[in-house]
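To start, the structure itself, in structure tokens.
Read the figures in this text as sums done on the coordinates, not as results from a lab. Remember, predicted model here, so these are calculated numbers, not experimental data. Cβ placement follows ideal geometry from the backbone for every residue including glycine, while neighbour counts extend to all protein chains displayed.
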Amino acid sequence: MATTLPLQQAPEPADLQAEFERERHATWKRFRRHRLAIAGSAALILIVLVAICAPFLTTWNPNYIDQAHWNGYPLAPGAYGHPLGTDENGRDLLSRLMFGARISLTVGIFAVSIEVVVGTILGALAGYYGKWIDYAIMRVTDVFLSIPLLPLLLVLTAIVAASSNKAALSFGIIVLIIGGLGWMPVTRLVRASYLSLREKEFAEAARAIGGSDSRIMFKHLLPNAVAPIIVQATLDVANVIILESALSFLGFGIQPPTASWGNMLANAQYNMAIAPWAAIFPGLCILVTVLSINYMGDGLRDALDPNMR
């Protein structure tokens, strides 16, 4: 006599919610164990808050030249109401550091957003469809990866500036150029995830019930590939901040009088003998910000790594 196997009941919404809460708690617990990640996150939050509240935290306009006290030389820290001194033009360093943080962080966030969007779309197409689409996308990715990024950025920014008859590029153009040249690592990560995920049972089930390719790629597969994307995006923000600083230092990025950490370093190099603090402070800001982001990225990688579960 044939026996009838009981049907397995689908999990209740309350069970799914409980499982989600347990997983979120476990992820936070793994992240909390990474002390450098916690310290980096706290430092980064502080930097972001300072950048947002910059107009309320300083009494000096970042472009104001203190002619009443400036005698042709940068003022030492603490002199005449300037806690960190002034630059070579008599502008308050503390206020310029605060407003410069806005530029560096904004460039990092928006450029990485472009990288993630472009890289995710290309990686999803390559990993899901495979065959000639995968081959074409990955060969283009390999070509871009073989070109040194900073020299390519310098060439492109110079070409765009010359074609637009402008001595300096706008903020949006710099974001587009940096973001448009940094999508390759995200593409490779997403492709690798999709090559594995497209063979999973839930993907086969979605195809069996008639789900469209776009729905399967971005509704079913993408949520399962988001962890490495988050980690890569976090680390890319630090790389973009360094790139923007390098471009500004070389004169191809944000131009004075707008304050950015890169052009503050470039201007300070001519007065290192008499005013080393003008280079030390923006250099420390870049160092602390990049280290904080990198430590936070390491902590996220450990917390979201399935092998750590």
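Amide H contacts of Thr86: Leu75, Leu93, each under 5 Å away and 5 or more positions distant or on a separate chain (H built 1.01 Å from N in the peptide plane; Pro and chain starts excluded). Packing here is the average count of other Cβ atoms within 10 Å per residue, and on that basis the peptides 215-222, 148-155, highest first, run 215-222, 148-155.
222 nm [θ] for the chain, helices only, -39500 (n - 2.57) per DSSP H run of 4+, per residue, to 500? Taking each H run of at least 4 residues, the total per residue is -22500 deg cm²/dmol. Which of rounded, prolate, oblate describes segment 226-309, given a ≥ b ≥ c as roots of the alpha-carbon gyration tensor eigenvalues and a/c under 1.5 marking rounded, otherwise prolate only if a/b is larger than b/c? Prolate. Across the chain, the relative contact order, built from alpha-carbon pairs under 8 Å that are at least six residues apart, equals 26 percent.
A simple packing score, the average count of other Cβ atoms within 10 Å per residue, orders the peptides 48-58, 202-212, 116-126 as 116-126, 48-58, 202-212, with the highest score first.
Within the listed set Ile103, Ile45, Ile286, the Gaussian network model of the chain (springs between alpha-carbon atoms below 10 Å) gives the highest mean-square fluctuation for Ile45. Residue ranges 242-250, 81-89 sort as 242-250, 81-89 when ordered by packing (mean number of other C-beta atoms within 10 Å per residue, highest first).
Springs join every pair of Cα atoms under 10 Å in this Gaussian network model of the chain, and among Gly90, Gly100, Gly262 the largest mean-square fluctuation is at Gly90.
The structure shown yields percent of Cα pairs over 32 Å apart, and of the options (i) 38; (ii) 19; (iii) 43 that calculated value carries the label (iii). For segment 186-309, relative contact order (Cα pairs under 8 Å, six or more residues apart, normalised by length) works out to 24 percent. For segment 26-33, backbone phi angles converted through the Karplus equation (6.51, -1.76, 1.60; θ = phi - 60°) give residue-by-residue couplings of 5, 5, 5, 5, 5, 5, 5, 5 Hz, Gly and Pro being listed as x.
Specify the angular offset, from 0 to 90 degrees and rounded to the nearest 10, of the alpha carbon long axis of helix 277-304 from the longest principal axis of the alpha carbons in the chain. Around 10 degrees separate the two axes. To the nearest ten degrees, helix 93-129 and the longest principal axis of the Cα atoms of the chain are 30 degrees apart. Using a cutoff of 8 angstrom between alpha carbon atoms and counting only pairs six or more residues apart, the relative contact order for segment 68-218 works out to 26 percent. Once the Cα atoms are used to define both axes, helix 149-163 deviates from the longest principal axis of the chain by about 70 degrees. Please work out whether segment 186-251 counts as rounded, prolate or oblate from its C-alpha gyration tensor, where a ≥ b ≥ c are the square roots of the eigenvalues and a/c under 1.5 means rounded, while otherwise a/b larger than b/c means prolate and anything else oblate? Prolate shape, in that a/c is at least 1.5 and a/b is the bigger ratio. Cβ-to-Cβ counts within 10 Å put Ser260, Ser292 in ascending order as Ser292, Ser260, the fewest first. Positive end of the dipole of the chain (Cβ unit charges, origin at the Cα centre): among Phe110, Leu176, Val143, the Cα lying farthest that way belongs to Val143. Modelled label positions at Ile173 and Val50, each set 7 Å beyond Cα in the direction of Cβ, lie 3.1 nm from each other. Relative to the Cα centre, the charge distribution of segment 96-231, modelled as +1 at Lys and Arg Cβ and -1 at Asp and Glu Cβ, gives a dipole magnitude of about 260 debye.
When the Cα positions of Ala279, Gly81, Asn224 are compared along the charge dipole of the chain, Asn224 comes out farthest toward the positive end, with charges on each C-beta of Lys, Arg, Asp and Glu. Considering only Ser104, Ser214, Ser41, the mean-square fluctuation computed in a Gaussian network model of the chain, springs between alpha carbons under 10 angstrom, is largest for Ser214. Using a ≥ b ≥ c from the Cα gyration tensor of segment 151-309 (square roots of the eigenvalues), is it rounded, prolate or oblate, where a/c under 1.5 gives rounded and otherwise the larger of a/b and b/c decides, a/b for prolate? Oblate, since a/c reaches 1.5 and b/c is not below a/b. Given +1 at the Cβ of Lys and Arg, -1 at the Cβ of Asp and Glu and no other charges, the dipole of the chain around its Cα centre is 240 debye to the nearest 20.
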